[in-house]
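Chemist: Before I ask anything, here is the structure I am working with.
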Amino acid sequence: GEILSGGAGNDALEIVFNETTNNAVWNTSYRLSEGATSSLETLIITQPARSAVYMSAEQWLSFTEIQNSPDNAWDDYLKILITGSLEDFNVSNFVGERLQEFTFYGSFGDIDLTHDSLSIREWIYNRASFDNLILGDQDAQVYISEDSDYSVTAGDGDHVIKHGRGGTLQASIDGGAGDDTFDVSQTGFIDLTGTTLENIETVYFGNATIV
């Protein structure tokens, strides 16, 4: 397939979902294929209108700067979907203040989502296997569905950490400061004898059976 190569210098790729807010196209997607970009320093995502960008963790980390350029006059949040291959991941290169969703697939070491200003409006969907999820000081909702052996380290915000997989959970979860909830209501049955909870104010189990 075609490769977008920036060569020498400071080069940018811009993904434009909408030119204006008139007759905007909503809920579309753009996929960066593996190996499709080379020597591009900046990724600019313009007017996403609740649309999604798919890429690998390697591609995300290859950019020095990733800019989300929404029109603040309308509700146009961005969804990011990342597939990992055992690498660590972070958002230090993201320039923006809001996302609608972050979704992870594949496998990761540390997933570090600490950021000075980033807020995620809806959910962080962790459908990957991972070692450690690190959350910042902003409020966040996390749904973990595919792993049963991990740690979560949260900052000062209010966090909802929902674990959706039944069976035995070997986890270490530190909610940090704030009002934090650990939710296992969708598991049916869960064994928490190997799980350590710190700074968690509420455990919500609904109709699930807990050991």
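Chemist: What number of residues in segment 105-126 are within 10 Å of the chain's Cα centre (by Cα), aromatic (Phe, Trp, Tyr) and part of a loop (DSSP other than H, G, I, E, B)?
Modeler: 1
Chemist: In addition: Only one residue in GLU87, GLU101 is acidic (Asp, Glu) and in contact with a Lys or Arg (Cβ under 8 Å, 6 or more places away or on another chain), so which one is that?
Modeler: Working: GLU87 fails: in contact with a Lys or Arg (Cβ under 8 Å, 6 or more places away or on another chain).
Exactly one residue qualifies, and that residue is GLU101.
Chemist: Tell me the strands (runs of 3 or more DSSP E) entirely within segment 132-211 that contain at least 3 residues that are under 24 Å from GLY106 (Cβ atoms). So that I can check it myself, show each step before the final result.
Modeler: Numbers: elements: 132-134, 140-144, 149-153, 159-163, 170-174, 181-183, 189-191, 196-198, 202-204.
So the answer is 132-134, 140-144, 149-153, 159-163, 170-174.
Chemist: Among the listed residues GLY166, GLY194, GLY157, GLY188, which satisfies the condition of being small (Gly, Ala, Ser) and touching an Asp or Glu at 6+ places or on another chain (Cβ under 8 Å)?
Modeler: On inspection, the qualifying residue turns out to be GLY157.
Chemist: Then there is this: What residue, among those in segment 124-145 that are out of contact with any strand residue (DSSP E or B) (no Cβ under 6 Å at 6 or more places or on another chain) and farther than 18 Å from ASN90 by Cβ, is least open to solvent (accessible area, probe 1.4 Å)?
Modeler: Filtering segment 124-145 for residues that are out of contact with any strand residue (DSSP E or B) (no Cβ under 6 Å at 6 or more places or on another chain) and farther than 18 Å from ASN90 by Cβ, the one least open to solvent (accessible area, probe 1.4 Å) comes out as SER145.
Chemist: Just checking: which of the strands (runs of 3 or more DSSP E) contained wholly in segment 19-104 hold 2 or more residues that are open to solvent by 50 Å² or more (accessible area, probe 1.4 Å) and among the polar types (S, T, N, Q)? I'd like the intermediate steps shown before the answer.
Modeler: Details: elements: 29-31, 42-46, 52-56, 65-69, 79-85.
Of the strands (runs of 3 or more DSSP E) lying wholly inside segment 19-104, those with at least 2 residues that are open to solvent by 50 Å² or more (accessible area, probe 1.4 Å) and among the polar types (S, T, N, Q) span 79-85.
Chemist: Okay, moving on. Could you give me the residue pairs with C-beta distances under 7 Å whose first residue belongs to segment 186-211 and is more than 20 Å from GLY176 (Cα to Cα) and hydroxyl-bearing (Ser, Thr, Tyr), whose second residue is in a strand (DSSP E or B) and open to solvent by 70 Å² or more (accessible area, probe 1.4 Å) wherever it lies, and which are 6+ apart or on separate chains?
Modeler: THR209/PHE189
Chemist: Return the pairs, sorted by first residue and then second, in which the second residue is of a type in the set (A, V, I, L, M, F, W, C) and open to solvent by 50 Å² or more (accessible area, probe 1.4 Å), the first residue lies in segment 84-113 and is farther than 17 Å from ALA52 by Cβ, the beta carbons are less than 9 Å apart, and the residues are 6+ apart or on different chains.
Modeler: GLU87/LEU61; ASP88/LEU61; PHE89/LEU61; ASN90/LEU61; ASN93/LEU61; SER107/LEU86; PHE108/LEU86; GLY109/LEU86
Chemist: Tell me which of these THR196 doesn't satisfy, since it passes every other one: (1) open to solvent by less than 60 Å² (accessible area, probe 1.4 Å); (2) out of contact with any Gly (no Cβ under 9 Å at 6 or more places or on another chain); (3) at pLDDT 95 or above.
Modeler: Condition not satisfied by THR196: (1).
The values are calculated or read from the model by the stated rules, or taken from the named source; none is laboratory data. Predicted, not measured: the structure shown is a model, and the values here were computed from it. Cβ sites come from the backbone with ideal geometry, for glycine too, and all protein chains shown count toward neighbours. Heavy atoms of the whole protein, side chains included, go into the accessibility calculation; ligands, DNA and RNA do not. Shrake-Rupley method; radii C 1.70, N 1.55, O 1.52, S 1.80 Å.
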